[in-house]
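Trainee: Below are the structure tokens for one structure; questions will follow.
Here, each number is a calculation from the coordinates, and none is a lab measurement. Everything quoted here is computed from the prediction, not taken from an experiment. For neighbour counting, all protein chains shown are included, and Cβ atoms are generated from backbone atoms with ideal geometry for every residue, glycine included.
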Amino acid sequence: MALNETATLSRRTFVASSLAGLALTGVAGGALYGCSPKNEGGAAKGAESDAPADQISWSQCNVNCGGNCVFQWHSRDGKVVYMESDNTGDEDLQARACLRGRSMRRWLNSPTRLMYPMKRVGKRGEGKFEQIGWDEAVSTIADKLKHTIDTYGNDAIYVNYATGMYSTTGKQPGLRLLSMLGGYINQAYDYSTHMLQVALPYLYGKTCSPYDNVYASSFSEAARTSDLVVMFGNSPAETRMGGANAVWDFAKVREAVTSRGGKIVNIDYRMNETCSGHPDEWLPIRPGTDAALASAIAHEWVVNDQVDKAFLDTYCVGYDESTLPESAKGGNKSYQDYLMGTGYDLVEKTPEWAAPITQIPAERIRTLAADIAAAKAPFICQGWGSQRHTNGEDTARAICMLPVLIGKIGLPGTNTGQREAEPPTYLVGGLPFENPIETAIPVYQWANAVDHGKQMTSTNAGIVGADKLNNDFKFIWNYAGNCLTNQHGDINMTHDLLADESKCEFIVVWDTVMTDSAKYADILLPDAMRSEQLNMQTQGYSEYYTAVVVGGPAQEAPGECRSSYDVCADIADKFGKKDAFTEGRTHDEWVQYLYEQGAQADGKMPSWSEIKEQGIYKRPVEPAIGLEDFRTDPVKNPLDTPSGKIEIYSEQLAEIANTWELEEGDTINPIPMFTPGFQGYGTVNEEYPLYCAGFHHKSRTHSSFGFIPELEQVARQQLWINPLDAESRGIAQGDTVSVKSPAGEIRIEAKVTPRIVPGTIGIPQGAWHQADMRGDRVDQGACVNTLTTYRPSPLAKGNGTAHSIIAQVAKA
Ligand SMILES: Nc1nc2c(c(=O)[nH]1)N[C@H]1C(S)=C(S)[C@@H](COP(=O)(O)OP(=O)(O)OC[C@H]3O[C@@H](n4cnc5c(=O)[nH]c(N)nc54)[C@H](O)[C@@H]3O)O[C@H]1N2
Ligand SMILES: Nc1nc2c(c(=O)[nH]1)N[C@H]1C(S)=C(S)[C@@H](COP(=O)(O)OP(=O)(O)OC[C@H]3O[C@@H](n4cnc5c(=O)[nH]c(N)nc54)[C@H](O)[C@@H]3O)O[C@H]1N2
Ligand code: SF4
Ligand SMILES: [Mo]
């Protein structure tokens, strides 16, 4: 495939009247990556004199779905008129925007944009604000920062998890500013992969990441050679919807694997969009029970002598007694003991044992076990849905046991049990900062830290980088995030916590619209969106290409919206640190500087003037095989686990299990076991007889885009409920129903469908919370976090309850 070095540069402007034809001809030729639709024909030139020219500005969709899809904004008279996505070069390398990205103009031009800085005048969370000037906003924030630092210290400052803006200069200005003022408490892990990120390093080594291609194989590798793809809790057709994104990669996987006579198995509690239209691919499972399924498959392999004993002896620790570490020998503590019922709970993990737990018939479990064992190159992977449960740590490891047990790791077409890989090829870096504070909290623990930070330690709360927190959080910086309430957990509880001004004393929120979290701001700042300033970002989760996009502004920011870089420079000025903050560069000069640094390190990227002209640079990335080096030579390339091997039994976890203080009912296990977890299997009761889980939805990226009615019309906020559960409650399609959990109540429209397992309901996550918090608190917006309980998971202290809920449904 031709690389961008050969690209022909084209003009950034072209004639509007010739758009239709030219837009089509512009995509021709693989060598033209990075080019705007061309304007070389005579007709276009002729028209140039009498038709107004569009300005084309390159930008990206920078929300956190990971696609970073490409926008080409067409502006006239300084105003965006429409948008094209990526139509350049090879179609396999086009980051084509999904329905959400294509509605970005509605966001940019929304009458509900925040237009000027505001200060809170009502109670926290009430949403009453008054317009103020930028001077007052900047002075207030600077004063509150000084007060917090002087009174409590920098470790009372917390930057909340917030993923609304991925750009090299998106949230970094705030982090740079706070770092220069003495720092802030860091975050460990994230809301996406919290349980997985903490658990898998015990299995595969401490650098094991859910975001790379060292520990996982790419979908392109599955397309190349796999003959069976098994996915647990993974729906790229919903979660990776852009062009050069996993949905496109997966379409190619399906085509390649099935044309070789292979199969796709999609294990999910609902027939997700990825297997919709391919009903034979769906294997329905009760949520939170994947570890039981994995254990039963493993049991089948043991009794049928299908495990790869040579692989397990050479590459792994703890499959059977022979490779258990000394400290664990003699106590029936191997994984095999767990499976065969000779250790731990003394229950044999037969398919008959797993059937009532998982709702999958024993025979179906046997067939799946046989299919995987028979495959030459099974590609086993897990999305992040199955780990976002209160037993997610063990579930994540249990799924990985499948390729481990049959030694199908590090070989062509196989995968390690992690999600499809994303190449960590970041062509450009972000605005630099160095936080002098090393202490971090597991990201989901912030609300506990507001409430009782000083009581939180490494062994009761998972504090990282220090033995304990020395402060409660008193100052929250929330840039481009809705995780104060909407996206966090137990909104009713968090509301009460944040409404108490004696706890967290000051909250600054930067957003573009009035979100539920924004209502908790003391100072609320209107941000200029990325298409309203010079924007640069590298590629997202695409595994086929790496890219960088530079461009804009496509139009001016409305009202008094300003770039966060400029505002942070003003705040730095109040501390006499403006020069240190800017290093003499404007925002745009920083972008150029960062680009040039990246280009220099890379050696292949276009020059700054070239990228400014062409807007986008991309090149293909080769398929990756997770743990290939380790498989090839485990002595030369050991894992960074204590033993250098895959630790099916982890001495570190055994130690943690013995020393940490856990909540009642929580367990941490040295081997991956099925444990039901809080509000997991077996916890439903008369009051809350249904399991309830969430999923990421097409009409929003979390809560982002959640206010755009056209998107809501395309993919409505509906409760998925099986006809069996609906009929017994007298609920029909389209009825408004009430869903109650121990934490709260929502109203939502019912979607009665056999696409969900009976006994479980499903709710798209990210809907905008909408409740009278001083009244009945019934959430008419149907945000799933009205229903989640705030209970960090045992090991990761993560958001396992995001998908582990028990509930009741009734006609409203
Ligand atoms: N459209 C859209 N795309 C997005 C996002 C979005 O909000 N909207 N968010 C982005 C972000 S930040 C992230 S982290 C990713 C999230 O990506 P994921 O975490 O993978 O997404 P989920 O929808 O939570 O879960 C994936 C699938 O798992 C299923 N599932 C849930 N629980 C279980 C279970 O216990 N077992 C099994 N087998 N399946 C289960 C769900 O029904 C769903 O179909 O998506 C990204 N992409
Ligand atoms: N129950 C449940 N809860 C969940 C999940 C779940 O599956 N179930 N998923 C979790 C996951 S994986 C994640 S990643 C989190 C995501 O949670 P968040 O990081 O809070 O993501 P969003 O809801 O998209 O909020 C992003 C915010 O950024 C704002 N924004 C967008 N562009 C700009 C900009 O240019 N400037 C500024 N200042 N703001 C901007 C948007 O308006 C929006 O308010 O949610 C988590 N919460
Ligand atoms: S796939 Fe994601 S990044 Fe791409 S346009 Fe859609 S929301 Fe934006
Ligand atoms: Mo996420």
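Trainee: Could you tell me the center-to-center distance, by alpha carbons, between the range 692-769 and the range 421-457 in angstrom?
Mentor: Computed from Cα coordinates, the inter-centre distance equals 32 Å.
Trainee: Still on this model: Over what distance in Å are the Cα centres of the range 165-184 and the range 381-407 separated?
Mentor: 34 Å
Trainee: Please state the shape class of the range 690-811: rounded when a/c is under 1.5, otherwise prolate if a/b exceeds b/c and oblate if not, all from the C-alpha gyration tensor.
Mentor: rounded
Trainee: Same structure again: Work out how much length residue 130 to residue 776 would gain on full extension: take 0.36 nm times their residue separation and subtract the Cα-Cα distance, in nm to one decimal.
Mentor: 229.9 nm
Trainee: Something else now. Using alpha carbon centroids, what distance separates the range 481-510 and the range 189-210, in Å?
Mentor: 27 Å
Trainee: If you fit an axis through the alpha-carbon atoms of helix 392-405 and take the longest principal axis of the Cα set of the chain, what angle between them do you get, 0 to 90°, nearest 10?
Mentor: 70 degrees
Trainee: Treat the count of other C-beta atoms within 10 Å as a stand-in for reagent exposure and order 239, 323 from fewest to most.
Mentor: The order, fewest Cβ neighbours first, is 323, 239.
Trainee: Let me know the shape class of the range 407-538, please: from the alpha-carbon gyration tensor, a ≥ b ≥ c as square roots of the eigenvalues, rounded when a/c is under 1.5, otherwise prolate if a/b is greater than b/c, or oblate.
Mentor: In terms of gyration-tensor shape, oblate.
Trainee: Defining a contact as two alpha carbons under 8 Å apart and six or more residues distant in sequence, what relative contact order in percent does the chain show?
Mentor: Relative contact order for the chain comes out at 19 percent.
Trainee: Starting from the range 606-687, pick out the trypsin sites (Lys or Arg not before Pro) whose DSSP state is loop and whose Cβ has at most 10 other Cβ atoms within 10 Å.
Mentor: Hits after loop and neighbour filter: 636.
Trainee: Continuing with the same structure: Rounded, prolate or oblate: which fits the range 615-732 when a ≥ b ≥ c are the square roots of the eigenvalues of the alpha-carbon gyration tensor, with rounded for a/c under 1.5 and prolate only if a/b beats b/c?
Mentor: Oblate, since a/c reaches 1.5 and b/c is not below a/b.
Trainee: Using a cut-off of under 13 Å, list every residue of the range 549-580 whose amide N is near the label point 7 Å from the Cα of residue 139 along the Cα-to-beta-carbon line.
Mentor: Under cut-off, by backbone N: 574.
Trainee: When a footprinting reagent is the concern and you count Cβ atoms within 10 Å, what order do 515, 342 take, fewest first?
Mentor: Going from least to most buried by this count: 342, 515.
Trainee: Let me check against my output: what whole-number percent is the relative contact order of the range 130-277, with C-alpha pairs under 8 Å and at least 6 apart?
Mentor: Computed value for the range 130-277: 16 percent relative contact order.
Trainee: Taking θ = phi - 60°, what integer Hz values does the Karplus form 6.51 cos²θ - 1.76 cosθ + 1.60 yield along the range 323-338, in sequence order, with x for Gly and Pro?
Mentor: These are the phi-based 3J(HN,Hα) values: 10, 5, x, 3, 4, 10, 5, x, x, 6, 10, 6, 5, 4, 4, 4 Hz.
Trainee: Starting from the range 684-745, pick out the GluC sites (Glu not before Pro) whose DSSP state is loop and whose Cβ has at most 11 other Cβ atoms within 10 Å.
Mentor: Of the GluC sites (Glu not before Pro), the ones in loops of the range 684-745 whose Cβ has at most 11 other Cβ atoms within 10 Å are 686, 687.
Trainee: Is it possible to state the helix-based mean residue ellipticity at 222 nm for the chain, with each DSSP H run of 4+ residues giving -39500 (n - 2.57), the sum divided by total residues, to the nearest 500 deg cm²/dmol? What is it?
Mentor: Computed ellipticity for the chain at 222 nm equals -8000 deg cm²/dmol.
Trainee: Take residue 280, project a point 7 Å from its Cα along the Cβ direction, then tell me which residues of the range 355-383 have their backbone nitrogen under 12 Å from it.
Mentor: none
Trainee: Give, in nm to one decimal, the length gained when the segment between residue 556 and residue 438 is fully stretched (0.36 nm per residue of separation minus the Cα-Cα distance).
Mentor: Taking residue 556 through residue 438 to full extension adds about 38.6 nm, to one decimal.
Trainee: Next up: Could you work out how much longer the chain between residue 342 and residue 733 gets when fully extended? Use 0.36 nm per residue separation minus the Cα distance between them, nm to one decimal.
Mentor: So the extension gain works out to 135.9 nm.
Trainee: If you fit an axis through the alpha-carbon atoms of helix 194-204 and take the longest principal axis of the Cα set of the chain, what angle between them do you get, 0 to 90°, nearest 10?
Mentor: Tilt relative to the chain: about 60 degrees.
Trainee: Continuing with the same structure: Only loop residues by DSSP count here, and only those with at most 11 other Cβ atoms within 10 Å; note down the trypsin sites (Lys or Arg not before Pro) in the range 747-805 that meet that.
Mentor: 774
Trainee: Could you give the angle, 0 to 90 degrees to the nearest 10, between helix 134-151's Cα long axis and the longest principal axis of the Cα atoms of the chain?
Mentor: Tilt relative to the chain: about 40 degrees.
Trainee: Can you spot the lysines whose alpha carbon is less than 28 Å from residue 349's alpha carbon? Ignore those fewer than 8 places along the same chain.
Mentor: Partners found: 263, 309, 329, 333, 376, 408, 645, 797.
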